[in-house]
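The values are calculated or read from the model by the stated rules, or taken from the named source; none is laboratory data. Predicted model only: the values in this text are computed from it and were never measured. Cβ coordinates were reconstructed from backbone atoms using ideal geometry, including for glycine residues, and neighbour counts include every protein chain displayed. Only protein heavy atoms, including side chains, enter the accessible area calculation; ligands, DNA and RNA are left aside. Shrake-Rupley method; radii C 1.70, N 1.55, O 1.52, S 1.80 Å.
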Amino acid sequence: MRILTAITAATMLSIVAAVPVALAQHAADHSTMDHSKMPAASVHGASSEAISAAVAAPNRTAANTARDKYRHPVETLAFFGVTPAQTVVEYSPGAGWYTEILAPLLKDKGTFYAAQAPGKGFDSLKAKLAATPDVYGKVKLVPWPDTGIPANSVDTVLTFRNVHNMVMGGKEAASFQAFFAMLKPGGTLGIVDHRLPEARDVAAEKSSGYLKVSTVRRLAEAAGFRYVGSSEINANPRDTADWPKGVWTLPPVLSEGDTDKAKYLAVGESDRMTLKFVKP
């Protein structure tokens, strides 16, 4: 009996000792897991199904859907936590690449503001929306920065490949402050932009179209945002971020024309950071 008891006690001690090790290993495995590579529907459920339906909607142009392989709209919007019932602001939608997705996604249950600076881009987007009222009739196209959007009323602010323009134009601080003001407490700021390696000269941010992640984090945190995390879903390791005419050398712009066009097409669109912030 004493021998059995001793063996049992030793066995129990070994099990107890192993538990923290197993838990630690599980935590390590979980912390290194790349959630951006997991199937979006399994992570975000019904909302991702709604996003997928909007991405597959017939209102999208062929030229825009061809770029899905670079822009990953389902995974990107799911990472930012966008749902069909939210109030969402898209800052500077340009020609409306993401507007084609967000409009049908938010049409029935949500509210969608497209905030665009007055000018040719605003007028062009207005015409695009007016041409298909059954899809875009509920989109609220508002001028930036005098949007009229009430403070603390927005669930999510999204901006795709625009922060570098703010930095080059010296409007970054005011823009981030405006984002912060319109968001509800707990609201999300989602940013996608061209990524400059951290070791590069920061002066490149003023001309190349690329930004360091640390720069974007600094701007957001200075405005009061808390950094939540990032996804590598829009990463492109083939992009070295040192092209003759900056990021515009790569598709879709291809600013070098036919010079080395095949090389730039092989690189594909830029390497992009995908960052999520929250208003405390």
Some residue of the range 121-136 being in contact (Cβ under 8 Å) with a residue 40 or more places away in the chain, in contact with a Pro (Cβ under 7 Å, 6 or more places away or on another chain) and open to solvent by less than 50 Å² (accessible area, probe 1.4 Å): yes
Meets criteria (out of contact with any Cys (no Cβ under 7 Å at 6 or more places or on another chain) and either assigned to a helix (DSSP H, G or I) or crowded, with 21+ Cβ neighbours inside 10 Å (or both)) for Thr156: yes
Met273 part of a helix (DSSP H, G or I) and under 30 Å from Val154 (Cα atoms): no
Test: Pro104 is under 23 Å from Gly187 (Cα atoms) and part of a helix (DSSP H, G or I): yes
Unmet requirement for Lys276, which otherwise passes all of (1) open to solvent by less than 40 Å² (accessible area, probe 1.4 Å); (2) touching a residue at least 12 places away in the same chain (Cβ under 8 Å): (1)
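Residues checked against (1) free of Cβ contacts under 8 Å to residues at least 24 places away in the same chain; (2) open to solvent by 40 Å² or more (accessible area, probe 1.4 Å):
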position: Val202; (1), (2): yes, yes
position: Tyr210; (1), (2): no, no
position: Arg217; (1), (2): no, yes
position: Val228; (1), (2): no, yes
position: Glu232; (1), (2): no, yes
position: Pro237; (1), (2): no, yes
position: Lys245; (1), (2): yes, yes
position: Gly268; (1), (2): no, no
Among (1) small (Gly, Ala, Ser); (2) closer than 30 Å to Pro150 by Cα; (3) part of a loop (DSSP other than H, G, I, E, B) - the single one Gly257 does not satisfy: (2)
Conditions (1) of a type outside the set (D, E, K, R); (2) at pLDDT 50 or above; (3) open to solvent by 30 Å² or more (accessible area, probe 1.4 Å); number of the one not met by Ser48: (3)
Selection within the range 109-137 - within 23 Å of the chain's Cα centre (by Cα) and assigned to a loop (DSSP other than H, G, I, E, B): Lys109, Gly110, Ala117
Any chance Gly224 is touching a residue at least 24 places away in the same chain (Cβ under 8 Å), on the phi > 0 side of the Ramachandran plot and in contact with a Ser or Thr (Cβ under 7 Å, 6 or more places away or on another chain): no
So Gly148, is it surrounded by fewer than 22 Cβ atoms within 10 Å (Cβ to Cβ), in a strand (DSSP E or B) and on the phi > 0 side of the Ramachandran plot: no
Top-ranked residue of the range 81-95 - restricted to ones that are surrounded by fewer than 23 Cβ atoms within 10 Å (Cβ to Cβ) and not polar (S, T, N, Q), ranked as farthest from Val192 (Cα to Cα): Ala85
Search result, residues across the range 179-217 that are part of a helix (DSSP H, G or I), under 22 Å from Trp144 (Cβ atoms) and not β-branched (Val, Ile, Thr): Phe179, Phe180, Ala181, Met182, Glu205, Lys206
Hey, Ala223 of a type in the set (A, V, I, L, M, F, W, C), open to solvent by less than 60 Å² (accessible area, probe 1.4 Å), over 24 Å from Leu254 (Cα atoms) and in contact with a helix residue (DSSP H, G or I) (Cβ under 9 Å, 6 or more places away or on another chain) or not: yes
Looking only at the range 61-80, and only at residues there that are touching an Asp or Glu at 6+ places or on another chain (Cβ under 8 Å) and in a loop (DSSP other than H, G, I, E, B), the one that is surrounded by the most Cβ atoms within 10 Å (Cβ to Cβ): Arg67
